[in-house]
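Let me begin by presenting the structure, written as structure tokens, before commenting on it.
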């Protein structure tokens, strides 16, 4: 039964060829979130030594080629890959990746400069995505995209280098951040 | 080694998503036909109870969703095709119409986000057509399909309301955005 | 002197934190109010040499400069009274700088990893379904509305956050008031210092007088920096145009600026 669900998810992901929301999987396969979560764990382990990998990003999952075979697939790729990141992009991306999403006010606050242009450029490149903040519908949160995780060769943000080491540090350091930036956000157009 | 070859074949098949000739695999992976044949047997058995299956047809192989799940995939397909177009899709379509055909980069600049998935959705429904850019063979131009134009009751895009005004505005905006992005990119690169 | 050996590459920094961190690291210090006071003069020297920066950049450098001035004044004259807002500014500068340092370090991780081992999504499949499936939302009118909405939402130019504009406009005022406060506090400190061993007293006064002179230089340099920037932005108009006006007007201008 559960095994069956795992193969169903795999088939759906393969057919779609793009990220799918877990909520959508629940509805489509008529099962609970718990069952989905369990099946995903099983699928991940089934795919652990294969040519295809499961990538997770927030509430979405997708399939991609395994990062270890990157150079093989890169030769087959027709479109040009842009592997350049400016200093401003690196700073902005590290905040978004390691904080698991950030508002523009927070990014501006940490960087000490206006980041709207950098964010737009990263968004055009598909490396970050702008979504409404679930906690505050008046503001936007920038989140890492699948494209970003793919370029980093990680199956989820937890696989980022130093992720667990710095997570706690960030938690402590950014405790006041939300309070501080809320004051600023109210006065901004964005 | 053989196991390694198996995952390589799986990754290539997954990435291409279409039938591949065995001869081509030999060249690509720099191995003999025997080694390919052996790896294919292994891959077939690895995939025997999965959501994705290996399909052989003469000298060609490909990956497909497992036949047992065909009704699930058909449902998904139907649902995909019949669902309402998203705001992103409508926005993208309107740019393609009023630009009289646009590259993905141009659409991305104007929308400020990456449009690859959206363009895919529009293509699948036959609303737009992808052709190679005659000016640059590495990129594609998306054009409204003939069916799209006749559905809208126009013989050509020029008959769209306020076409020339809007077309000119897009032209100017694209140029400005491209220039400004280049300027920023140059500065950021130090 | 040690400070003279610093080779600061003008315009090598996008924002003030990169510069500050660089100055602190060159002195092999950690982020603290003490190290910030130490690098204040280097920072202000950089500010004076700065040229050709965009108004938005100038503003972020100035905001930090004003906080550094407070830190430096306080370190010279511990008796200088600070408002709670000013103390907050100092604390938050340290905090922001630590955060910035952390994320710059993590940015290094991204730099070394990005694009090295890529996970590829499948290519677009060629044999797409060739059926035509329109949507009743697509009409001549709706398409025109959509395209005009998209064009309307393109940002025209990068603008400055409102808060920073106001801070920039008041920095000239702040320098003036700071000079006054230091002088007052210095007179009081004279009495405080009177009974103590006299050697450091004169030295200290010399340092403080030097600092006051520097404040005046910064004020001049600041005006130069702003005048050198490209025209067309409200900040230069404000700063070059003379005395500062009340905040209400500035906010209005900022909003206009955003919406242009």
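Structure above, values below:
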{"quantity": "Residue order, fewest to most beta carbons within 10 Å, for B:9, C:208", "calculated": "C:208, B:9"}
{"quantity": "Computed helical MRE - 222 nm, chain B, DSSP H runs ≥ 4 contributing -39500 (n - 2.57), nearest 500", "calculated": "-18500 deg cm²/dmol"}
{"quantity": "Residue B:37 versus residue C:183: modelled label distance in nm, points set 7 Å from Cα along the beta carbon direction", "calculated": "9.8"}
{"quantity": "Relative contact order of chain B, defined on C-alpha pairs under 8 angstrom at six or more residues apart (%)", "calculated": "15"}
{"quantity": "Partner chain coverage, peptide B:116-126 - average Cβ within 10 angstrom", "calculated": "4"}
{"quantity": "Rounded Å value of the spacing that divides the Cα centres of region C:71-95 and region A:1-73", "calculated": "54"}
{"quantity": "Region A:3-68, relative contact order in percent, only Cα pairs under 8 angstrom and at least six apart counted", "calculated": "37"}
{"quantity": "Relative counts (whole %) of C-alpha pair distances in chain B, using bins that are 5 Å wide", "calculated": "1, 6, 12, 13, 12, 11, 11, 11, 10, 8, 4, 1, 0"}
{"quantity": "C-alpha long axis of helix B:70-82 to longest principal axis of chain B, angle in °", "calculated": "0"}
{"quantity": "Order of C:46, B:151 - criterion: other Cβ atoms within 10 Å of each residue's Cβ, fewest first", "calculated": "B:151, C:46"}
{"quantity": "Cα-based shape type of region B:84-189, given that a ≥ b ≥ c are square roots of the gyration tensor eigenvalues and the cut on a/c is 1.5", "calculated": "prolate"}
{"quantity": "Cα long-axis angle, helix A:87-99 against chain A (0 to 90 degrees, to the nearest 10)", "calculated": "60"}
{"quantity": "Shielding score for B:12-22, defined as the mean number of other chain Cβ atoms within 10 Å", "calculated": "5"}
{"quantity": "Angle between chain B longest axis and helix B:2-16 axis [Cα atoms, degrees, rounded to 10]", "calculated": "30"}
{"quantity": "Stokes-Einstein D (µm²/s) once Rh is taken as the Kirkwood radius of region A:40-92 over alpha-carbon pairs, at 20 °C in 1.002 mPa s", "calculated": "159"}
{"quantity": "Mean Cα-pair separation over length for region B:84-189, i.e. relative contact order, pairs under 8 Å, 6 or more apart, %", "calculated": "29"}
{"quantity": "Footprinting exposure proxy for A:156, C:66 (fewest neighbouring C-beta atoms within 10 Å first)", "calculated": "A:156, C:66"}
{"quantity": "Within 10 Å of each Cβ in A:37-49, the average number of Cβ atoms from other chains", "calculated": "1"}
{"quantity": "Alpha carbon Rg of region B:3-68, scaled by the compact-globule rule 2.2 N^0.38 Å", "calculated": "1.01"}
{"quantity": "Highest to lowest packing among B:92-98, A:115-121, scored as the average C-beta count within 10 Å", "calculated": "B:92-98, A:115-121"}
{"quantity": "Residue C:32-residue B:56 FRET efficiency (beta carbon distance; Förster radius 60 Å; 0.05 resolution)", "calculated": "0.30"}
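All of the numbers you see were taken from the coordinates with simple rules; none came from a lab. Since this is a predicted model, take the numbers as computed values, not measurements. Virtual Cβ from ideal backbone geometry, glycine too; neighbours counted across all protein chains shown.
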